[in-house]
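First up is the structure itself, then whatever we jot down about it.
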Amino acid sequence: MIDRRHFLKSSLLAGAGTFLGGRAAVSNARTPEPRVTCNGDDDPPVRKGESVMGLCCKPLDVVRIGVIGLRRGGRAVERLSQIEGAEIVAICDLLPERVAASQAVIKKNGRKPAAEYTGEEDWRKICERDDIDLIYNATPWELHVPIALYAMDHGKHAAIEVPAALTVKDCWALVDKSEETRLHCMMLENCCYDFFELATLNMARQGVFGEVIHAEGAYFHQLRAEKFLKNYKQWRLNFSIYHTGNPYPTHGLGPVAQIMGINQGDRMEYLSSVSTDQYGLHKWAKENLENDERITASERYKLGDVNTTIIRTAKGKTIMIQHDTTSPRPYSRIHLVQGTEGMAVKYPEEKIAVGAKHSFLGKEEQKSILDKYGHPLSRYLGDKARKVGGHGGMDYIMDWRLIYCLRNGFPLDQTVYDAAAWSSLVELSERSVLNRSASVPVPDFTRGAWRDAQPWPVIDMDQVLHG
């Protein structure tokens, strides 16, 4: 395994010079230090508070929000300003034009103007305000944890873009701070709220697949050109210089982890990970860049083109998670759920097979079963979600549900333990890859609470709303 101190240092170097707008250049990146290996699991820190499994906080009539990072967060402003009971109090980005654009969206949706911040340390000022309940953190990766910790230290719930953290140490920091402050810390894993993922969650809870024993997820997204843009995406490219493994595991992992009851009756116990060498980034740079120092830099990228990580759970089930943002291939998150009585897969085409058949259901049968098991959130919010948008509507469902739970004092669908466990694959997969795919233990961020927790039920919106 790689030493956590060196991993953290490399992670910070990879993000050096970026803040919100992300302006660092590859030419400024330093040569990474040699990896240091070690054996054994990370010792969990001493708990400072109490478990927040099933945490319920005081209901909020209006959820007052500070949105930090408007490249991606600007779209959140669009959605949040159309949700009842959500008030955007402050917005922050290094680029004034992004702040102005978000302010225009707020005005368009009939909301009062938000306070504007554009300084490099202004995220601290937003967290320190006494008229904000929730910090919506849509900044580059290396700022996710510092902002979330500072927000909770100042009495704010934290919602963090994916991945929530880059190191196991930082995953523990989020868990400890949430337990210490008794505040929510949720990772904004939007893919858990996509329509087919919600339907398969409902089907799994209703026993359609029997006992779910295996699942697969991925992030296949051809981003070569985007990685070389000299703007906010530069931090992604810098990360590729220093690290391998799977730097972006949660889109594929989150939905299947919820289906399999990870952290709620089961947990990820250990993993093994393997990566190809790096081929595609250097090839793309040579073919598309002229007189650019990044062509030479691309020769030393560590991030393998394709990573495959296999996870075994405490109850003897398996999960496969893959990552590839370099190869020319269609977008896919796979989303395969395999049970003892059937299975479902989303990409490249939504297909379901149940019962003793050795083939997928026909179109009419599949439509019928999806209609029957459509998730209540999809039914209740589907039309509005598709209209407002955000990756087909799943972003709106996620934001609506977050605000709804905070307003009613309900537990959140995703806990800080989920944020930590799902994000921990960033470091753990790299440890395994650098040690010839040796198995690596996954920390129990719940400290044993997973054993008594029950998988999150399917929400009955009619019952919730009408009693």
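The values are calculated or read from the model by the stated rules, or taken from the named source; none is laboratory data. Source: prediction; values computed, not measured. When we count neighbours, we look across all protein chains shown, and the Cβ atoms used for this are built from the backbone with ideal geometry, even at glycine. Only protein heavy atoms, including side chains, enter the accessible area calculation; ligands, DNA and RNA are left aside. Shrake-Rupley method; radii C 1.70, N 1.55, O 1.52, S 1.80 Å.
With R₀ fixed at 22 Å, the C-beta to C-beta distance from Arg111 to Asn408 puts the FRET efficiency at about 0.55. Rounded to the nearest 500, the 222 nm mean residue ellipticity of the chain from helices alone is -11000 deg cm²/dmol, with -39,500 (n - 2.57) taken per DSSP H run of at least 4 residues.
Label positions at Ala100 and Tyr279, each projected 7 Å from the Cα along the C-beta direction, are separated by 4.6 nm. Take the Cα of Lys48, step 7 Å toward its Cβ, do the same at Glu293, and the gap between the two points is 3.9 nm. Per residue, the average separation of C-alpha pairs within less than 8 Å and at least 6 apart gives the stretch 138-271 a relative contact order of 23 percent. Once the Cα-Cα distance is subtracted from the 0.36 nm per residue extended length, the Lys367 to Lys315 segment shows a gain of 15.5 nm. Per residue, the chain exposes 40 Å² of solvent-accessible protein surface, assessed with a 1.4 angstrom probe and all protein chains in place.
Approximating the spin labels as points 7 Å out from Cα along Cα→Cβ, the Arg447-to-Lys384 distance works out to 3.8 nm. In this structure, the pairs whose alpha-carbon distance is over 21 Å, taken from Lys156/Lys227; Lys317/Lys367; Lys48/Lys169; Lys227/Lys346; Lys283/Lys346, are Lys156/Lys227; Lys317/Lys367; Lys227/Lys346; Lys283/Lys346.
Ranking Phe360, Phe239 by solvent-accessible area of protein heavy atoms (1.4 Å probe, all protein chains present), from largest to smallest, gives Phe360, Phe239. The convex hull around the C-alpha trace of the stretch 60-128, projected and averaged over every direction, spans 4.2 square nanometres. Heavy-atom accessible surface of Leu434, to the nearest 10 Å², is about 70 Å², with a 1.4 Å probe and all protein chains retained. DSSP beta bridges fully contained in the chain are about 50 percent antiparallel. Only protein heavy atoms count here; under a 1.4 Å probe, Arg312 has an accessible surface of about 100 Å². Averaging Cα coordinates gives a centre for the stretch 41-81 and one for the stretch 341-398; these two points are 28 Å apart.
Within the same chain, aspartates and glutamates fewer than 8 places from Lys357 are excluded, and of the rest, those with a Cα less than 18 Å from its Cα are Glu211, Glu341, Glu365.
Taking only protein heavy atoms and a 1.4 Å probe, the accessible area of the chain is 49% carbon and sulfur. Here His391 and Val62 are evaluated by their C-beta separation; at R0 = 22 Å the FRET efficiency comes out at 0.25.
Phi-derived couplings, Karplus 6.51 cos²θ - 1.76 cosθ + 1.60 at θ = phi - 60°, listed residue by residue for the stretch 339-344: x, 6, 10, x, 7, 9 Hz, with x used for Gly and Pro.
Largest accessible area first, the residues Glu299, Glu179 order themselves as Glu299, Glu179 under a 1.4 Å probe with ligands, DNA and RNA left out. Taken as Cα centroids, the stretch 256-292 and the stretch 133-205 sit 20 Å apart, rounded to the nearest whole angstrom.
Ordering of 267-273, 420-426, 240-246, 407-413 by packing is 420-426, 240-246, 267-273, 407-413, highest average first (other Cβ atoms within 10 Å, averaged per residue).
Entry for the stretch 156-229 at q = 0.21, 0.22, 0.23 Å⁻¹: log10 I(q)/I(0) = -1.03, -1.04, -1.05, Debye formula applied to identical alpha-carbon scatterers, no solvent contribution. If the segment from Ile213 to Arg436 were pulled out straight at 0.36 nm per residue, it would be longer than the present Cα-Cα gap by 77.6 nm. For the stretch 376-429, the Kirkwood radius over C-alpha pairs fed into Stokes-Einstein at 37 °C and 0.692 mPa s yields D = 259 µm² per second. Listed values [x] 269; [y] 147; [z] 200 include one computed from this model; for volume of the Cα convex hull per residue in Å³ that value carries the label [y].
Compute the FRET efficiency between Arg72 and Gln222 as 1/(1 + (r/R0)^6), taking r as their Cβ-Cβ distance and R0 = 22 Å, and round to the nearest 0.05. The formula returns an efficiency of 0.70 here.
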